[in-house]
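The values are calculated or read from the model by the stated rules, or taken from the named source; none is laboratory data. In this text, all values refer to a predicted model and were calculated from it rather than measured experimentally. Backbone-built Cβ (ideal geometry, glycine too); neighbour counts: all protein chains shown. Keep in mind that these areas ignore ligands, DNA and RNA; they rest on the heavy atoms of the full protein, side chains included. Shrake-Rupley method; radii C 1.70, N 1.55, O 1.52, S 1.80 Å.
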Amino acid sequence: FDRGMFLRKRTPFIVITLSGLAGPLMAAVTTFADLEIGLIFSGLLLIVLAVITYFVFPKVVCCVILAMMLMNVSSPQLGSALGYFYTADEQCLADGPHFNYTYYITITGIVGSVVNFVSVILYQAFMSTWRFRPALIFTIVIGSLAPMVDLVIVMRWNEAIGISDEVFFLLGNAIFENLVVILLAIPMSAVYAKVSPPGMESAVFAYVVGIGNFTGMFSGLLGSAIIEWSKMKTVGEDCDFSELPTIIVLFKILLPMLVGIPATFLIPNVLQTEPLIDWDKEKWCEEDVSTGNDGEHGESLMDPQISVGNEEDDGRIEPHLL
């Protein structure tokens, strides 16, 4: 434990510690309150986190966190509605894909694992030399085009061209969804690491990633609200998925490009091998650790070699100082 670093950066450490309460508070409110109240409360927490970051951390850190928030929130998670559509039986949806759970979960999971491995190789081979903005914009565009596979299956256009649901889903959604997740995670992880200052790497990295996870939870909550507000019936008999195509177009194709792409301009457009912040020049939150004449804090931060002189005064030197 670096006591000197903690004393100099008391405010950031306190903010990072308190930010860990956001997740439990959100879980408590969404569990015991209505969905709308949970959504409003979570949105206010995001605003509070953004404002605190602006006043406590360097400007680049604030811009990165704001960009991350916008990119996550602009892509609401609609997996539950799509999952019900793909696995609905004939009583619920007569003209549906009717995937069994073995195919939908197991087979696509295996394909997704292979795609994850291939995605890392592709990124390292072709995109690791790009600047951050082009890499993120390219990934957002691919991520916005991937839901078109869902749209084609929902509209049943694949049957019109003679491609089965299983084949079209496996060659489309199962591949592109996992591909986009990895291609976005790699550069964003690098960004998170590069905004972590020396001496506080783990604390600030955990703070940024924690806010990212919180916005992911908010995105899932927003997706649930969208599904509820659309009045879709996803279980039982005579299910109604008529609003699903509109939701896919608005919230999975258009919104990420209209909000996510501009958000990338908040991130410095440097090479992925270059630093985002010059920490030697960046002076932030350096707090005074002196306590007056007693020098309690100052003494604890003194060079250990000073104690050598004290030992020499009485003619003895400890063995570990030789």
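Worth pointing out:
- Heavy-atom accessible area for I40, with the other protein chains in place and a 1.4 Å probe, reaches approximately 110 Å².
- Projected label distance in nm at N116 and E243, using a 7 Å step from Cα toward the beta-carbon: 3.3 nm
- K233 paired with A193, simple spin-label distance in nm, labels 7 Å along Cα-to-beta-carbon: 5.2 nm
- Spatial separation of Cα centroids for region 39-100 and region 247-263, in angstrom: 12 Å
- Here the calculated FRET efficiency for I52 and L271, from their Cβ-Cβ distance with R0 = 35 Å, stands at 0.70, rounded to the nearest 0.05.
- Point-to-point label distance, L44-V141, nm (Cα→Cβ direction, 7 Å offset): 4.1 nm
- Our summary gives the chain a relative contact order of 32 percent, counting only alpha carbon pairs under 8 angstrom and 6 or more residues apart.
- Net lengthening on full extension, L254/R10 (0.36 nm per residue, minus Cα-Cα): 83.6 nm
- Extent along principal axes [Cα atoms of region 116-168; Å; largest to smallest]: 42, 21, 14
- With q set to 0.09, 0.15, 0.20 Å⁻¹, the log10 of I(q)/I(0) for region 1-116, from the Debye formula over equal scatterers at the Cα positions, is -0.48, -0.92, -1.10.
- Counting every C-alpha pair in region 142-293, the share spaced more than 22 angstrom apart comes to 59%.
- Each peptide in 169-176, 14-21 gets a packing score, the mean of other Cβ atoms within 10 Å over its residues, and the list from highest to lowest is 169-176, 14-21.
- Whole-percent pair-distance distribution, where bins are 10 Å wide, for the alpha carbons of the chain: 5, 20, 26, 21, 12, 7, 4, 3, 1, 0
- Rounded FRET efficiency, nearest 0.05, which uses the C-beta distance separating F126 from S202 and R0 of 22 Å: 0.10
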